[in-house]
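The values are calculated or read from the model by the stated rules, or taken from the named source; none is laboratory data. On a predicted model such as this, the values are computed, not experimentally measured, just so you know. Please note: Cβ atoms are built from the backbone with ideal geometry, for glycine as well, and neighbour counts cover all protein chains shown. These accessible areas exclude ligands, DNA and RNA; they are computed on the full protein's heavy atoms, side chains included. Shrake-Rupley method; radii C 1.70, N 1.55, O 1.52, S 1.80 Å.
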Amino acid sequence: IQTSAEEFFFRGWLLNWTSSLPRFSQVFISGILFAWPHMGNPEAATETTLALTAYFLIGAAWAYVAVHSGGIELALGAHLANNAFSLLAVGYDDAALPTQAVFTTTQLNLTIAVISLAFMAPAFAWFTRKHRSFDLA
């Protein structure tokens, strides 16, 4: 429910509300506004700049995909997969949603998270791009 609510707001309503703006502006606004409420998560308390960057990158990537695909389905699926992975597979002790994940660590390395997101966000956008068929006749 949480991921769906966030996606309906940040990639649904917000992108629709800013639809008169250039796509870059829509993606930037959605990324910033997605990062802002996540700054209340425990990891943001100690490494604010890195947390803001990480949440901005992921929010902007999902907004980019939503704008270019014309729907929130891909962003919603990615958000759900990200949160499910964080809750079930790999977690850390001071997580916003603490669970008994298969693998846990005592802290989140936000430097590695930002570096990996800097590569994964464009990769996600590339892999989910619309394919256009060409009529060669």
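The table that follows gives values for the structure above.
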{"item": "Candidates 91, 77, 40, ranked by Gaussian network fluctuation over the chain, Cα under 10 Å, top entry", "result": "40"}
{"item": "Unit charges at the beta carbon, dipole of region 1-113: most positive-side option, 5, 77, 30", "result": "30"}
{"item": "Local electrostatic count, residue 112, Cβ distance below 14 Å [Lys/Arg +1, Asp/Glu -1]", "result": "-2"}
{"item": "Computed helical MRE - 222 nm, the chain, DSSP H runs ≥ 4 contributing -39500 (n - 2.57), nearest 500", "result": "-18500 deg cm²/dmol"}
{"item": "Cβ-placed point charges (K, R +1; D, E -1), dipole of the chain about Cα centre in debye, nearest 20", "result": "520 debye"}
{"item": "Whole-Å distance, taken between Cα centres, linking region 25-48 and region 66-131", "result": "14 Å"}
{"item": "Amide H partners (placed H, <5 Å) of residue 104, local residues excluded", "result": "91"}
{"item": "Tilt relative to the chain, helix 23-38 - C-alpha long axis, 0 to 90 degrees, to 10", "result": "20 degrees"}
{"item": "Rounded accessible area of residue 46 (nearest 10 Å², 1.4 Å probe)", "result": "120 Å²"}
{"item": "Residues of the chain: accessible area per residue with a 1.4 Å probe, Å²", "result": "64 Å²"}
